[in-house]
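The values are calculated or read from the model by the stated rules, or taken from the named source; none is laboratory data. Just so we're clear, the structure is a prediction, and the values are computed from it rather than from any experiment. Cβ placement follows ideal geometry from the backbone for every residue including glycine, while neighbour counts extend to all protein chains displayed.
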Amino acid sequence: MLDLLPDLFDQYPEQLSLANQAFTDYGKNTIFYGEIVTVSCFEDNSKVKEILATDGSGKVLVVDGKGSMNRALLGDMIAENAVKNNWQAVVINGCIRDAGTIRTLEIAVKAIGCNPIKTEKLGVGDTNIVVNFANVEFIPGWYVYGDENGLAVSKSKLSVTAG
């Protein structure tokens, strides 16, 4: 399967909300879907690291970094840990770093940019709360779908078939 969203929007147009922001694909995988887990933080990736160290089978971490371009909320070591813990994807309203390494990892990563500067680890941020960016509400327990065509959210799990 090379595309997911066009088929999903053909089949479930009323059940999907499309993000209206352009994200760049950084991970080796570009097609993904899973249950939403959220982090809201600003220039501190402590909670991102904490959550990606847990079992992510069937899940996607959605990080609202408030659109900050000043620091990276995901780097190679945390991304490698996410792969080890079976996360499907990480979506970041903010930046990543180590883009060359992340491109080689078996995970989908969408972000709005890159910045080589790491964050301070202050333990600041909220987890599993509703976050809103790209004109979409990301609600824990709902589902997110992504590919090179964009990013979409659904209240329920949709049937994904090769098409």
- request: Just give me the residues in segment 83-106 being in contact with a strand residue (DSSP E or B) (Cβ under 9 Å, 6 or more places away or on another chain) and aliphatic (A, V, I, L, M), in sequence order.
  value: 89, 90, 91, 92, 96, 99, 102, 105
message: Condition (residue is charged (D, E, K, R), at pLDDT below 95 and over 30 Å from residue 10 (Cα atoms)) applied to segment 119-138: is it met by at least one residue?
response: yes
message: I want to confirm something. Restricting to segment 43-58 and keeping residues that are small (Gly, Ala, Ser) and surrounded by fewer than 22 Cβ atoms within 10 Å (Cβ to Cβ), which single residue is nearest to residue 157 (Cα to Cα)?
response: 58
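Just wondering, is there one or more residues in segment 4-13 that are within 21 Å of residue 145 (Cβ to Cβ), assigned to a helix (DSSP H, G or I) and under 15 Å from the mean Cα position of the chain (by Cα)?
No.
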- prompt: For segment 154-163, what are the residues that are under 15 Å from residue 88 (Cα atoms) and modelled with pLDDT of 95 or more?
  reply: 157
- request: May I ask you to list pairs of residues, at least six apart or on different chains, whose Cβ atoms are under 7 Å apart, with the first in segment 31-46 being touching a residue at least 40 places away in the same chain (Cβ under 8 Å) and of a type outside the set (Asp, Glu) and the second being surrounded by fewer than 20 Cβ atoms within 10 Å (Cβ to Cβ) and assigned to a strand (DSSP E or B)?
  value: 38/127; 39/127; 40/126
message: The conditions are (1) of a type in the set (A, V, I, L, M); (2) surrounded by fewer than 20 Cβ atoms within 10 Å (Cβ to Cβ); (3) touching a helix residue (DSSP H, G or I) at 6+ places or on another chain (Cβ under 7 Å), and residue 117 fails exactly one of them. Which is it?
response: (3)
statement: From the option list 74, 61, 8, single residue qualifying as among the hydrophobic types (A, V, I, L, M, F, W, C), buried (at least 23 other Cβ atoms within 10 Å of the Cβ) and more than 20 Å from residue 154 (Cβ to Cβ) is 74
- line: Those residues of segment 133-155 which are over 17 Å from residue 24 (Cα atoms) and in contact with a Phe, Trp or Tyr (Cβ under 7 Å, 6 or more places away or on another chain) amount to 143, 153, 154, 155
